[in-house]
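Every number here is computed from the coordinates shown, using simple stated rules; none is lab data. What you are looking at is a predicted structure, and each value in this text was computed from that prediction instead of being measured. Glycine also receives a Cβ, built like all others from the backbone with ideal geometry; neighbour counts cover every protein chain displayed.
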């Protein structure tokens, strides 16, 4: 039986994978901000809680949006332990003291519009939400419909800062009531997956030949 050169296969696979990584991973088409959250492929996003600075005990959830109507999907991050660590430092809440689970991953479905929403316990309208998508919010006399600040910190990475005072006329509007980051996990193109498959197959062939030789 004639065997292919494992060295040649590995070299070709690595070259293909390297090339694919360089030219076949364009910026994925997605929207992630105050206009909504929408991906063209099933995409995982990693969320990491940073801190909160507010008196209310807040929870942030994920919602599907259809025609301007929201449907709750699941909780994302929440101050499940307490509203804040102490009254010092502007009621700051931190990981492990106010929030028990600080790192969460969620896979958004392709073609489905989403929004993030915050509900602060103790607000005038408990269990109602303020959203990351502007058009889903009531009009605030100070900030309009902007309840969330999205700041790009790197390609595909964002800092998200919620304001929870959308119902309170004398609220501070400081956009630091619940702050976390989001990192979009790149989706490999088919050529990359093919390259990885070639490498895996070549490694398996090498192991079989070594086993037969021994």
Here the FRET efficiency for residue 105 versus residue 142, based on Cβ atoms and R0 = 41 Å and rounded to 0.05, is 0.75
Let me know the shape class of the range 57-146, please: from the alpha-carbon gyration tensor, a ≥ b ≥ c as square roots of the eigenvalues, rounded when a/c is under 1.5, otherwise prolate if a/b is greater than b/c, or oblate. oblate
Just need the relative contact order of the range 30-184 here, percent rounded to a whole number, with Cα pairs under 8 Å and 6+ apart. 28
Can you give the extra length, in nm with one decimal, that the chain gains between residue 82 and residue 46 once fully stretched, where that is 0.36 nm per residue apart less the Cα-Cα distance? 10.6 nm
Zone residues, the range 60-96, relative to residue 153, backbone N less than 14 Å from point 7 Å out along Cα-to-Cβ: 95
Classify the range 30-184: rounded, prolate or oblate, from the alpha-carbon gyration tensor (a ≥ b ≥ c, eigenvalue square roots; a/c under 1.5 rounded; otherwise prolate if a/b is larger than b/c)? oblate
How far apart, in nanometres, would the label points at residue 121 and residue 64 be if each is projected 7 angstrom from Cα along the Cα-to-Cβ direction? 2.8
